[in-house]
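Down below is the structure, laid out as structure tokens.
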Amino acid sequence: MLVFKRIKVRSYEKGLVFREGEFAGLLHRGKHWILDPLHRQRVELVSMRETWLRHPKLDLIVASGALEGLAEVVDLDDKQRGLVWVDGRFESILEPGLYALWTGQHEVRVEIADARAARFEHAELATLIRSPGAERQLAVHVVPEGQVGLFYLDGKLEQVAPPGRYAFWKAAAELRVFMVDVREIHLDIAGQEILSADNVTLRLNAQLSYRVIDPRKAVQSAPDFSQALYRQAQLALREVVGTRTLESLLADKESVSAELERDIRARAERFGVEVLGLGIRDIILPGEMRDLLNRVTEARKAAEAALITRREETAAMRSQLNTARLVENNPTLMRMRELEVLEKIAKKAKLNVVLGEKGLAERVVNLL
């Protein structure tokens with residue numbers, strides 16, 4: 001029967017001695033003989049190179065005080081989290097519980113964080129969130145450029161955040177996040193069928209330009225403020241276009257657009273939105289109405305062309321009448337006109353002319 005047990009503890013090891021299930025102490029470097037005739041003692045060798053001392057009876061080992069000066073002991077309650085660095089490198093985020101880290105072989109640093117402050121801020125946040133297990137403890141959200149983030153904790157707005165990275169303890173509160181785009185946005189309002197005041201069915205395509213100026217109001221005013229704004233733009237189109245005849249709508253689209261903008265701006269204020277413009281891009285008519293309007297336009301243009309022709313003819317006749325009066329009262333002018341005519345003829349044909357006392361017209365002898 002063996003009475004003594006020989007235990008060898010290396011320089012990087014410690015021996016955990018248990019007697020009848022109770023922790024009895026540590027064995028340090030060296031060779032040890034343990035008297036145990038009844039086999040009531042048990043020695044477990046643990047390596048200090050592993051950094052972490054993990055044992056189901058860690059509470060008994062810590063309570064004995066045997067780890068003092070040998071290990072960093074961390075006891076975290078429900079409101080605390082531990083940030084662990086080993087040899088200058090971030091190791092992990094500790095959940096509530098009891099931990100022990102050997103300090104003999106490694107440089108160990110533990111930072112205690114208060115998880116009751118829901119938002120977690122740290123100078124090395126980018127490193128911390130990449131560590132294994134960080135996703136179990138932290139909810140990380142990135143607000144992209146051109147947007148703002150609204151963070152609600154337990155239903156209450158905590159922060160309206162500019163672009164950047166934000167982290168929150170998951171156990172601290174119920175977190176809801178809304179991203180709101182604060183850049184200029186163009187919203188197409190296509191295929192709107194509207195009945196005009198003269199009972200013509202029109203198909204309209206419009207475009208709404210807007211920008212969010214109050215993100216908090218935009219999120220709280222409606223479940224989807226963009227969709228709500230789209231509906232309001234539809235209503236504004238029906239109210240403005242539906243009170244006008246087709247002729248007035250086609251004749252003055254600028255005033256229609258201006259009235260639409262005034263209407264939608266008033267509606268958009270309650271969504272925290274600034275309307276930059278609302279305009280009608282296309283007005284599409286039914287086929288038979290389009291053909292009818294083309295015929296009307298063609299007839300109108302033909303009438304305008306005929307009127308212009310008559311005006312030109314009248315102006316030409318008036319000019320001829322004025323010329324005749326001038327020639328009648330001035331014989332010398334008549335003679336000059338005759339010479340101009342002869343000059344034009346002479347360029348294209350042979351011409352023999354004999355002039356007499358009473359004028360060219362009465363003395364033409366030979367004209368070839």
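Does the stretch 185-285 come out rounded, prolate or oblate by the C-alpha gyration tensor, with a ≥ b ≥ c the root eigenvalues, rounded set by a/c under 1.5 and, if not, prolate when a/b is larger than b/c and oblate if not? Numbers along the way, then the final one.
Details: a/c = 2.44, a/b = 2.17, b/c = 1.12.
Prolate shape, in that a/c is at least 1.5 and a/b is the bigger ratio.
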### Query
Roughly what angle does helix 287-329 make with the longest principal axis of the chain, taking Cα atoms, 0 to 90 degrees, to the nearest 10?
40 degrees
### Task
Give the angle, between 0 and 90 degrees and rounded to the nearest 10, that separates the Cα long axis of helix 253-268 from the longest principal axis of the Cα atoms of the chain.
20 degrees
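Suppose R0 equals 22 Å; then what is the FRET efficiency for Glu239 and Asp188 from their Cβ-Cβ distance, rounded to the nearest 0.05?
Efficiency at R0 = 22 Å is approximately 0.65.
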### Query
Using a Gaussian network model of the chain with C-alpha springs under 10 Å, which one of Leu307, Leu333, Leu45 is most mobile by mean-square fluctuation?
Leu333
### Query
Quick one: Karplus J couplings for the stretch 63-76, per residue in order, coefficients 6.51, -1.76, 1.60, θ = phi - 60°, nearest Hz, x for Gly and Pro?
4, 6, x, 5, 8, 4, x, 10, 9, 8, 9, 10, 10, 9
### Task
State the answer as a single residue: which of Val108, Gln80, His141 lies farthest towards the positive end of the charge dipole of the stretch 28-184, with beta carbon charges of +1 for Lys and Arg and -1 for Asp and Glu, about the Cα centre.
Val108
### Query
Which residue, Ser255, Ser221, Ser11, has the most motion in a Gaussian network model of the chain that connects Cα atoms within less than 10 Å?
Ser11
### Query
Looking only at Glu261, Glu145, Glu68, which one moves most when the chain is put into a Gaussian network model with springs between Cα atoms under 10 Å?
Glu68
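Provide the FRET efficiency to the nearest 0.05 for the Ala139-Ala302 pair, computing r from the beta carbons and using R0 = 51 Å.
Numbers: r = 73 Å, r/R0 = 1.43.
Efficiency, from the Cβ-Cβ distance: 0.10.
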### In degrees, nearest ten, helix 331-346 long axis to first principal axis of the chain (Cα)
70 degrees
### Task
Can you pull the one-decimal nm distance between simple spin-label points at Lys344 and Ala117, each 7 Å off the Cα toward Cβ?
10.1 nm
#### Entry: Residue-count net charge about Asp214 - beta-carbon cut-off 13 Å; Lys, Arg +1, Asp, Glu -1
+2
### With 20 Å bins from 0: P(r) over the chain, alpha-carbon pairs, percent
17, 22, 17, 16, 12, 8, 5, 3, 0
### Message
Could you give the length gained by full extension between Glu312 and Glu254, i.e. 0.36 nm per residue of separation minus their alpha carbon distance, to one decimal place?
### Response
17.4 nm
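Values in this text are rule-based calculations from the coordinates and carry no lab data. Just so you know, these numbers come straight off a predicted model, no measurement behind them. Cβ coordinates were reconstructed from backbone atoms using ideal geometry, including for glycine residues, and neighbour counts include every protein chain displayed.
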